[in-house]
1. Exactly one condition in (1) open to solvent by less than 80 Å² (accessible area, probe 1.4 Å); (2) closer than 30 Å to R161 by Cα is not met by R238; state its number.
2. Can you confirm whether the stretch 131-146 contains a residue that is assigned to a strand (DSSP E or B) and open to solvent by 60 Å² or more (accessible area, probe 1.4 Å)?
3. Looking at the stretch 320-349, which of the residues that are in contact with a strand residue (DSSP E or B) (Cβ under 7 Å, 6 or more places away or on another chain) and part of a loop (DSSP other than H, G, I, E, B) is nearest to A293 (Cα to Cα)?
4. Somewhere in the stretch 307-319, is a residue assigned to a helix (DSSP H, G or I) and not aliphatic (A, V, I, L, M)?
5. Search the stretch 199-214 for residues being in contact with a Ser or Thr (Cβ under 7 Å, 6 or more places away or on another chain) and in a loop (DSSP other than H, G, I, E, B), and hand back the single one that is nearest to R161 (Cα to Cα).
6. Pick out, from the stretch 153-198, the strands (runs of 3 or more DSSP E) lying fully within it that include 3 or more residues that are at pLDDT 95 or above and surrounded by 15 or more Cβ atoms within 10 Å (Cβ to Cβ).
7. Taking the conditions exactly as written (assigned to a loop (DSSP other than H, G, I, E, B) and of a type outside the set (K, R)), does V104 satisfy them or not?
8. What about L261, is it in contact (Cβ under 8 Å) with a residue 60 or more places away in the chain, among the aliphatic types (A, V, I, L, M) and either part of a helix (DSSP H, G or I) or touching a strand residue (DSSP E or B) at 6+ places or on another chain (Cβ under 8 Å) (or both)?
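The values are calculated or read from the model by the stated rules, or taken from the named source; none is laboratory data. Note that this is a predicted model, so its numbers are computed, not measured. All Cβ positions, even for glycine, are placed from backbone atoms using ideal geometry, and neighbour counts span all protein chains on display. Remember, those area values only see protein heavy atoms, side chains included, never the ligands or the DNA or RNA. Shrake-Rupley method; radii C 1.70, N 1.55, O 1.52, S 1.80 Å.
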Amino acid sequence: MTSALKLASSSAVIDSFIGTVSFRLTVACPVARLTRFGGQAKNGEPINTSHESVRKKNRGIELKMKLLVLAVMGTAVLSMQACSVAPVSTPQGAAENANSTLNVYDDNRVAYQASFRHSLGYWAWTSDKNQILALLIQGHEYNARDIAALTSTEDGPTGYRIAVQLKSGESISSTVKRGSPNAAWLACNTQKVCAGRFIIGGDSYTNDLDGILIGIYDGVLNAQPKRDPKFELIRDYRVIPDATSGLSHVRFLSGSEQTALEKSLDDQQERWAQAQAELAKRRDEQRTEDQAAERAIERDSVAMRQHIRVGTQTNCGQVFEVRLPMVGVQTINGMQFIDVSRLYSPNTTCRFVNGQYVGR
């Protein structure tokens with residue numbers, strides 16, 4: 001409608017232009033170069049000098065010229081319209097375009113299993129429902145909740161082929177150079193503000209993506225814990241899928257798989273608690289046994305001291321002479337006289353330091 005109005009408003013200009021052209025044709029063209037009394041054209045043929053004939057020919061020429069001018073002006077108007085609606089690329093516009101594919105959910109928590117070509121894989125997850133793990137690829141951001149899987153293959157000495165399968169069925173792929181920022185993991189909030197960024201093609205070892213990820217190595221998850229499982233959790237750059245670390249595949253878990261992972265973590269914590277309880281029980285039992293043995297030693301030692309004589313066996317050897325309170329004993333360090341109160345029954349150790357008896 002706007003184009004038609006612009007063309008109609010230019011009608012007077014077109015008519016003026018056509019009139020000028022018609023005048024010049026009348027003056028300049030051989031057909032229109034006529035005299036009132038007749039004549040011949042340059043080719044020698046007689047010319048029809050009637051005004052009606054001239055007017056018809058000029059009107060035909062004017063119509064053709066008018067149609068030509070209208071076509072040219074219409075093309076120009078359409079071109080101007082096309083230019084007028086073309087978007088202007090700005091950093092803000094690019095950010096809004098990237099954000100347009102980033103979905104926000106009531107619960108944005110995710111979990112995944114990462115596999116590597118030359119090293120142990122691990123399980124990882126986010127724990128805050130208001131924190132979003134997102135992926136930037138091909139200029140668009142995607143909530144990890146919308147991703148089914150990601151694969152990484154080497155593409156030359158310094159490149160990687162990243163292929164993403166969305167849960168919607170859409171596939172996205174991109175070639176990423178080492179250190180290139182065009183593919184990255186993002187840490188975003190529910191306002192779609194992404195403050196954390198980790199480049200898939202290699203980033204700093206100090207970058208932990210704002211600490212939104214927690215992980216545990218595959219070999220540790222189902223094994224009998226050797227220490228408190230909280231010390232086995234990974235919270236740094238190692239838990240972020242990085243193509244330069246030989247990343248092969250990232251599989252995002254379904255809801256039921258996340259529940260199973262949580263149960264495995266709970267089971268591991270329970271195994272650790274059981275192991276600690278059993279250890280404490282064994283310690284208590286050992287303490288009880290040690291106390292009973294100590295009482296037995298004291299009882300036997302008291303009885304031995306009350307009836308000590310030559311030939312009695314002590315903890316340090318056989319008695320060869322009795323001079324109470326001293327008793328001569330044949331020890332591993334030769335004959336020594338030892339106070340009878342310091343001797344114990346033979347089921348007890350005997351210790352010497354620098355040749356001197358120091359007890360049991």
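1. Every listed condition holds for R238 apart from (1).
2. Among the residues of the stretch 131-146, not one is assigned to a strand (DSSP E or B) and open to solvent by 60 Å² or more (accessible area, probe 1.4 Å), which makes the answer no.
3. P346
4. No, the stretch 307-319 contains no residue that is assigned to a helix (DSSP H, G or I) and not aliphatic (A, V, I, L, M).
5. Out of the qualifying residues, it is G201.
6. Once the strands (runs of 3 or more DSSP E) in the stretch 153-198 are filtered for at least 3 residues that are at pLDDT 95 or above and surrounded by 15 or more Cβ atoms within 10 Å (Cβ to Cβ), what remains is 159-166, 183-188.
7. Yes.
8. For L261, the condition - in contact (Cβ under 8 Å) with a residue 60 or more places away in the chain, among the aliphatic types (A, V, I, L, M) and either part of a helix (DSSP H, G or I) or touching a strand residue (DSSP E or B) at 6+ places or on another chain (Cβ under 8 Å) (or both) - is met.
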